[in-house]
Amino acid sequence: MTQTALIIASLEHFGELCGDPVSRIYTRLFVQHPEYEDLFAMDTDGGVRGSMLATCFDCIIGIAEGNDLPKYELQAARMTHEGYGVSETQLDAVFIAIRDTCREVLAEAWTPAIEESWIELLARLATIGLQEV
């Protein structure tokens, strides 16, 4: 299987096992980064979290497939989130939380090949949209 196929298959399997992953992923994110939870104080119905997560999944899939549009979405997100006190590099924490939650849910189905594919994908995501100094 290609890296793209492994990423997409792991997300599909995750979706089958997990259903709506919003609370599970954000719980993990807030445990790893408690300072982020206050940023969602007004998101009483979870709509912002859900929308942001949908955008993250679009970026993950798009980048895995080699599309250019997610690059612009991620660049815009990095700039927008700086206004909330989230630096360009801190934004990557949500992608790590997604990967870690997928790994936890897939358990034994999470293979070394899937792990390597996610490592490579996260490395690519971490470089997209960063301001040149």
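Computed from the coordinates by the stated procedures, all read-outs in this text should not be read as laboratory data. Predicted, not measured: the structure shown is a model, and the values here were computed from it. Glycine also receives a Cβ, built like all others from the backbone with ideal geometry; neighbour counts cover every protein chain displayed.
Only Lys, Arg, Asp and Glu carry charge here, each on its Cβ (+1 for the first two, -1 for the last two); on that basis the chain has a dipole of about 60 debye about its Cα centre. Computed from the Cβ-Cβ distance with R0 of 25 Å, the FRET efficiency linking residue 89 to residue 16 stands at 0.20.
Expressed as cubic angstrom per residue, what is the convex hull volume of the alpha carbon set of the chain?
Looking at the chain, the number lands at 106 Å³ per residue.
May I ask you to order 24-30, 60-66, 36-42 by the average number of other C-beta atoms within 10 Å around their residues, highest value first?
Working: 24-30: 18.7, 60-66: 17.1, 36-42: 12.1.
The most tightly packed comes first, giving 24-30, 60-66, 36-42.
Given an 8 Å cut-off on Cα distances and at least 6 residues of separation, report the relative contact order of the chain as a percent.
Averaging sequence separation for qualifying contacts and normalising by length gives 38 percent for the chain.
Here the contact order of the stretch 25-100, divided by its residue count and restricted to Cα pairs under 8 Å and six or more residues apart, works out to 32 percent.
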